[in-house]
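Participant: Quick one: the structure is below, questions incoming.
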Amino acid sequence: MPLYHTEDQAMLADTARQFMADEGAIAKQLRHFRDIGCKDGFGHGLWKQFAELGFTGILVSEADGGLGMGHVEAGIVLEEIGRNLTPSPFLTSAVMAASALADASAELKGRYLPGLLSGDSVFALAIDEGKKHRPERIATRAVRSGNGFSLSGTKDFVVHGSSADMLVVAARTAGADDDAEGITLFAVPRDAAGLSQDAVRLVDSSMATHLRLDNVQLDADAVIGEVDGGREVLSRVLNAGRVGAAAESVGVAQGSFDMTTTYLKQRKQFGKLIGEFQALQHRAAHLYSEIEIARAATIKAQQLLDAGSDKAELMVSVAKAKAGKAASLAVREGVQMHGGIGMTDEYDIGLYMKRDRALAEFMGDMFYHADRVAKLSGY
Amino acid sequence: MSDLEAFRQEIRAWLEENCPPEMRQPVHDEDDICWGGRHFQFKNEAQKLWLTRCAAKGYTVPDWPQAYGGAGMSPAEAKVWREEMNRIGARPPLSSFGIWMLGPALLKFGTEEQKVHYLGQIARGEIRWCQGYSEPGSGSDLVSLQTFGEDKGDHWVVNGSKIWTSYANKADWIFCLVRTDKANKYQGISFLLFDMESAGVSTKPILLISGNSPFCETFFDNVKVPKQQIVGELNRGWDVAKYLLGHEREMISGAGGGDRLTTIGAVLNRAGLEDPLLRAELAMFDVDALAYGAMGEKFLDEIKVGKAHPAQPNMMKYAGTELNKRRYELLMAGGGSASLEWESEASDGGSRARGWLRTKANSIEGGTSEVMLNVISKRILDLPGA
Ligand SMILES: Cc1cc2nc3c(=O)[nH]c(=O)nc-3n(C[C@H](O)[C@H](O)[C@H](O)COP(=O)(O)OP(=O)(O)OC[C@H]3O[C@@H](n4cnc5c(N)ncnc54)[C@H](O)[C@@H]3O)c2cc1C
Ligand SMILES: Cc1cc2nc3c(=O)[nH]c(=O)nc-3n(C[C@H](O)[C@H](O)[C@H](O)COP(=O)(O)OP(=O)(O)OC[C@H]3O[C@@H](n4cnc5c(N)ncnc54)[C@H](O)[C@@H]3O)c2cc1C
């Protein structure tokens, strides 16, 4: 398969680009919801529009009422989200939770998918425990209790946690904290007794929570997939989230880069456009090259995931690390090349820097993923 | 089974049967590369057999038309060919400036007669070409070149000198940029082809820091070049030259080389890797290398169907060569003092150190990294004054 978009994908990209530029624009979404101090950090109206366009069902199978598309298509939407810094629960709900639910019982699908498809529901993932992403270690426990389970533990960096109608929680049903096996995923409703969340606003104005599970009682039908066999589902959810975050990072990088090159063609100093200075040209050209490469790695990873290739794991980590690296460079160069006004809140370039930082941490930063590339390569 | 899958099976079976086991070993030395040409000394029978078999099927230049010695493969088929070659680690049957550079230029600018004649020779590995672009006073600023061809009716008489001419002392013919109008800078250059055995051509090898001497100073003293040996129009050779440079840069970028040699962490680890900071550098490198591998694949897919930006080979050349230099820096560090050995048998005649030094030329030859960044600024980013 060639590493570029098919005609259908290119059409979707056109639609998504136009839609996000109009409706998901920084002034309309990010700044608006930030400035009114919105507790969700995103707008439900736009989420409904996503649903009307079918975006929320991209990764839901046709049999389940979705579009039955793949990670390439989800990535197309995410790149536009990134480019416009559009605050949206798309990645956690329509990409990650949808990937988890793909494996769930008919009962769970029936309970949650309609809300996703209609844009009425938002989902979140409770995976991380601690400041850094390290899903190899899960200490949250789920013990058998009655005809179900009782969950206890704490989770961090639960993005959109307090807005979510349902949270996918990774807990341990067997083994020691560091064991690969013995993980089970649960669909936990927001109002479950014993579930409490401490919401925090992050640097990019998005919302996340510190989550506590205090003997949260769940029926057995809340289990997603197999008891003790959740590692496989989890790894599918993580792959989806990581490659999705990579696509969003590529969008952030591109948006920041476009803004910066535009500025280089407008700002004059020393009687010249600053874009005439070779010192800046070379850095811009280098950055262009890094973004192109990050995009190639990302689409490669998306295609491998969609094809079910055994090389997908490795490439997903490559994509997440490379996109993170490129986007980080893009926002740093972006602020620097804007000079003083790059430091002002009035200019959007700083917003890119903030979003990049949050995305970098989400589902593992470049150090985590470079380490993972090394491990998967045998060193 | 799709047509492409059937094609893959066919190629796989053909390779299985026809690619000699010796030709599935990684290339170690310069003389493992088959350059072809009048005076080429095959290293062994396998190398010769592999060339003969591939040439008979058009596989030395799989995507050239059959009429010119190729196999007429579509972009998708050519990709399958590359993938299947990479899968078994097959060496290219033939490497040459004719394939990488002159061929594509002739396909675009050559007359029918030139195509049939020269492309066939290239595909069969009969004639080895060298590139006469750079001059002592004209490197990055190539268009300032001074080698002059005086019009003598049915031929030109060429005088001047070139420098850094790779393999000039081993090549049979040269494609050469010659000024044919002193009054016009860009539109005063012609693209000429001539035999290196012509009277008045001489070469003088230059020794590189790697201890090898793969390139020369090349002198032209009243060299007669018949008029039909021009490619494209008179004084419009710069267009041909630039087009060819795109292909040269694509080649130097290493795009499409497959994953086998791109990552190095695992290789160095097998030799014992104890330094955690080096491991970290290797991991970051492998991320970049694997990402660049995807970029190479995407670039080739796009360029074959006209989706790539026309200046994209410059980006590929920049990124690919800078990456390769980094690769060798890490290989040297990973090898420690063993990688310093210059002549010993254990070091295979200092192959790592020599290879490391050779890579430093990657970001110079075919246009320097700085020039690539200039071109990206101007043609892709449209920055002012670039
Ligand atoms: C937090 C903060 C506090 C400040 N406090 C003060 C203060 O108290 N008093 C005061 O007077 N000023 C102050 N400044 C202003 C500061 O000195 C300027 O922002 C700075 O000199 C850069 O000028 P500029 O913002 O116009 O950027 P520009 O000059 O427009 O630069 C934009 C970009 O172009 C690059 N560039 C410009 N010229 C060249 C060139 N020839 N070659 C290569 N690159 C070039 C710059 O490096 C930069 O990356 C402050 C700025 C900040 C951010
Ligand atoms: C191994 C090897 C093989 C080669 N093979 C061939 C061959 O077969 N045929 C052939 O014709 N040539 C060949 N070359 C020559 C090669 O194309 C030139 O070396 C190259 O174009 C650079 O020219 P130069 O060496 O004159 O360097 P210069 O142009 O003098 O450059 C010196 C430095 O200045 C920088 N510089 C120059 N202009 C600018 C600018 N505008 N902006 C910023 N920086 C700039 C360069 O990037 C470089 O770092 C080969 C070179 C090497 C090293």
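The values are calculated or read from the model by the stated rules, or taken from the named source; none is laboratory data. Since we're looking at a predicted model, the values are computed, not measured. Note that we place each Cβ from the backbone using ideal geometry, even for glycine, and neighbour counts take in every protein chain shown. Side chains are part of the model used for accessible areas, which takes the heavy atoms of the whole protein and leaves out ligands, DNA and RNA. Shrake-Rupley method; radii C 1.70, N 1.55, O 1.52, S 1.80 Å.
Participant: Out of curiosity, is A:TYR347 in the same structural domain as A:GLU248 (by TED's automatic domain parsing), surrounded by fewer than 18 Cβ atoms within 10 Å (Cβ to Cβ), of a type outside the set (Val, Ile, Thr) and more than 16 Å from ligand 2 (Cβ to nearest atom)?
Facilitator: When the stated conditions are applied, A:TYR347 passes them.
Participant: Continuing with this model, one more query. Kindly indicate whether any position in region A:183-199 is in contact with a helix residue (DSSP H, G or I) (Cβ under 8 Å, 6 or more places away or on another chain), closer than 23 Å to A:LEU101 by Cβ and part of a loop (DSSP other than H, G, I, E, B).
Facilitator: No, there is no match, as no residue in region A:183-199 is in contact with a helix residue (DSSP H, G or I) (Cβ under 8 Å, 6 or more places away or on another chain), closer than 23 Å to A:LEU101 by Cβ and part of a loop (DSSP other than H, G, I, E, B).
Participant: Here is a further query. With the requirement that a residue be open to solvent by less than 50 Å² (accessible area, probe 1.4 Å) and either away from ligand 2 (no atom under 16 Å from the Cβ) or within 14 Å of another protein chain (Cβ to nearest Cβ) (or both), what does region B:352-368 give you?
Facilitator: Hits for region B:352-368 are B:ALA353, B:SER363, B:GLY367, B:THR368.
Participant: Condition check: acidic (Asp, Glu), touching a residue at least 60 places away in the same chain (Cβ under 8 Å), in the same structural domain as B:THR263 (by TED's automatic domain parsing) and buried (at least 17 other Cβ atoms within 10 Å of the Cβ). Does B:ASP301 satisfy that?
Facilitator: yes
Participant: Could you tell me whether region B:374-384 includes any residue that is within 30 Å of A:LYS320 (Cβ to Cβ), modelled with pLDDT of 95 or more, open to solvent by 40 Å² or more (accessible area, probe 1.4 Å) and away from ligand 1 (no atom under 16 Å from the Cβ)?
Facilitator: Taking every residue of region B:374-384 in turn, none turns out to be within 30 Å of A:LYS320 (Cβ to Cβ), modelled with pLDDT of 95 or more, open to solvent by 40 Å² or more (accessible area, probe 1.4 Å) and away from ligand 1 (no atom under 16 Å from the Cβ).
Participant: So which of B:SER213, B:SER253 ends up being within 12 Å of ligand 2 (Cβ to nearest atom) and either at pLDDT below 95 or touching a Pro at 6+ places or on another chain (Cβ under 8 Å) (or both)?
Facilitator: Of the residues listed, the single one that is within 12 Å of ligand 2 (Cβ to nearest atom) and either at pLDDT below 95 or touching a Pro at 6+ places or on another chain (Cβ under 8 Å) (or both) is B:SER213.
Participant: Going residue by residue through region A:276-284, is there one that turns out to be more than 16 Å from ligand 2 (Cβ to nearest atom) and closer than 28 Å to B:ALA319 by Cα?
Facilitator: Within region A:276-284 (the criterion being more than 16 Å from ligand 2 (Cβ to nearest atom) and closer than 28 Å to B:ALA319 by Cα), the answer is no, since none of the residues qualifies.
Participant: State which residue is nearest to ligand 1 (Cβ to nearest atom) when the search covers only region A:320-379 and only residues that are polar (S, T, N, Q) and not in a helix (DSSP H, G or I).
Facilitator: A:THR344
Participant: Name the single residue that is nearest to the other protein chains (Cβ to nearest Cβ) among those in region A:311-321 being open to solvent by less than 30 Å² (accessible area, probe 1.4 Å) and of a type outside the set (Gly, Ala, Ser).
Facilitator: Residue satisfying both the conditions and the ranking: A:VAL318.
Participant: What tally of residues in region B:151-169 results from selecting those that are under 24 Å from the mean Cα position of the chain (by Cα) and not in a loop (DSSP other than H, G, I, E, B)?
Facilitator: Residues that pass the stated criteria total 6.
Participant: Could you give every pair whose Cβ atoms fall below 7 Å, whose first residue belongs to region A:325-347 and is within 14 Å of another protein chain (Cβ to nearest Cβ), and whose second residue is open to solvent by 40 Å² or more (accessible area, probe 1.4 Å) and within 13 Å of ligand 1 (Cβ to nearest atom), counting only separations of at least 6 or pairs across chains?
Facilitator: Cβ pairs passing all conditions: A:GLU333/A:ARG283.
Participant: Given B:LYS48, B:LYS115, which one is more than 14 Å from chain A (Cβ to nearest Cβ) and open to solvent by 40 Å² or more (accessible area, probe 1.4 Å)?
Facilitator: Of the residues listed, the single one that is more than 14 Å from chain A (Cβ to nearest Cβ) and open to solvent by 40 Å² or more (accessible area, probe 1.4 Å) is B:LYS48.
Participant: Working only within region A:275-303, note down all residues that are more than 15 Å from A:GLN254 (Cβ to Cβ), away from ligand 1 (no atom under 16 Å from the Cβ) and open to solvent by less than 30 Å² (accessible area, probe 1.4 Å).
Facilitator: Across region A:275-303, the qualifying residues are A:ALA301, A:GLN302, A:GLN303.
Participant: Filter region B:1-33 for residues that are charged (D, E, K, R), under 30 Å from B:ALA353 (Cα atoms) and open to solvent by 70 Å² or more (accessible area, probe 1.4 Å) and give the result.
Facilitator: Selection gives B:GLU22, B:GLU30, B:ASP31.
Participant: Can you pull out every residue in region A:48-79 that is closer than 27 Å to A:ILE349 by Cβ and surrounded by fewer than 24 Cβ atoms within 10 Å (Cβ to Cβ)?
Facilitator: Of everything in region A:48-79, just one residue is closer than 27 Å to A:ILE349 by Cβ and surrounded by fewer than 24 Cβ atoms within 10 Å (Cβ to Cβ), namely A:GLN49.
Participant: Also, I was wondering about something else. Out of curiosity, is B:GLY58 open to solvent by less than 10 Å² (accessible area, probe 1.4 Å), at pLDDT 95 or above and in contact with a helix residue (DSSP H, G or I) (Cβ under 8 Å, 6 or more places away or on another chain)?
Facilitator: Yes, satisfied.
Participant: What number goes with the only condition from (1) within 11 Å of chain B (Cβ to nearest Cβ); (2) touching a helix residue (DSSP H, G or I) at 6+ places or on another chain (Cβ under 6 Å) that A:HIS286 does not pass?
Facilitator: Result: A:HIS286 passes all but (2).
Participant: Being charged (D, E, K, R) and within 11 Å of chain A (Cβ to nearest Cβ) narrows it down to one of B:GLU274, B:GLU281, so name that one.
Facilitator: That would be B:GLU281, the only listed residue that is charged (D, E, K, R) and within 11 Å of chain A (Cβ to nearest Cβ).
Participant: Cβ-Cβ under 6 Å, sequence separation 6+ or interchain: first residue in region A:130-141 and among the hydroxyl-bearing types (Ser, Thr, Tyr), partner modelled with pLDDT of 95 or more. Which pairs?
Facilitator: A:THR140/A:GLY153; A:THR140/A:ALA171
Participant: Return a yes/no flag: does region A:11-19 have any residue that is without any contact (Cβ under 8 Å) to a residue 12 or more places away in the chain, surrounded by fewer than 22 Cβ atoms within 10 Å (Cβ to Cβ) and of a type in the set (A, V, I, L, M).
Facilitator: Looking through region A:11-19, at least one residue is without any contact (Cβ under 8 Å) to a residue 12 or more places away in the chain, surrounded by fewer than 22 Cβ atoms within 10 Å (Cβ to Cβ) and of a type in the set (A, V, I, L, M).
Participant: Count, please, the residues in region B:104-130 that happen to be free of Cβ contacts under 8 Å to residues at least 60 places away in the same chain and either within 19 Å of the chain's Cα centre (by Cα) or assigned to a strand (DSSP E or B) (or both).
Facilitator: Residues that pass the stated criteria total 5.
Participant: Take region B:170-186 and flag every residue that is part of a loop (DSSP other than H, G, I, E, B) and either out of contact with any strand residue (DSSP E or B) (no Cβ under 6 Å at 6 or more places or on another chain) or at pLDDT below 95 (or both).
Facilitator: Residues satisfying the conditions are B:LYS170, B:ASP172, B:ASP181, B:LYS182, B:ALA183, B:ASN184, B:LYS185.
Participant: Within region B:261-271, how many residues are in a helix (DSSP H, G or I) and either surrounded by fewer than 15 Cβ atoms within 10 Å (Cβ to Cβ) or more than 7 Å from chain A (Cβ to nearest Cβ) (or both)?
Facilitator: 3
Participant: Which is out of contact with any Pro (no Cβ under 7 Å at 6 or more places or on another chain) and open to solvent by 50 Å² or more (accessible area, probe 1.4 Å), of B:ALA333, B:ALA311?
Facilitator: That would be B:ALA333, the only listed residue that is out of contact with any Pro (no Cβ under 7 Å at 6 or more places or on another chain) and open to solvent by 50 Å² or more (accessible area, probe 1.4 Å).
Participant: Please determine, by comparing only the residues of region A:258-274 that are of a type in the set (A, V, I, L, M, F, W, C) and touching a residue at least 12 places away in the same chain (Cβ under 8 Å), which one is most open to solvent (accessible area, probe 1.4 Å).
Facilitator: In this case the residue turns out to be A:MET259.
Participant: Return the pairs, sorted by first residue and then second, in which the second residue is part of a loop (DSSP other than H, G, I, E, B) and open to solvent by 60 Å² or more (accessible area, probe 1.4 Å), the first residue lies in region A:209-235 and is on the phi > 0 side of the Ramachandran plot, the beta carbons are less than 8 Å apart, and the residues are 6+ apart or on different chains.
Facilitator: Between residues of region A:209-235 that are on the phi > 0 side of the Ramachandran plot and residues that are part of a loop (DSSP other than H, G, I, E, B) and open to solvent by 60 Å² or more (accessible area, probe 1.4 Å), the close pairs are A:GLY225/A:ASP103; A:ASP228/A:GLU181.
Participant: Name the residue, out of A:GLY251, A:GLY230, A:GLY308, A:GLY225, that is crowded, with 24+ Cβ neighbours inside 10 Å and either closer than 20 Å to A:ALA102 by Cβ or within 16 Å of ligand 2 (Cβ to nearest atom) (or both).
Facilitator: Criteria check complete, one pass: A:GLY230.
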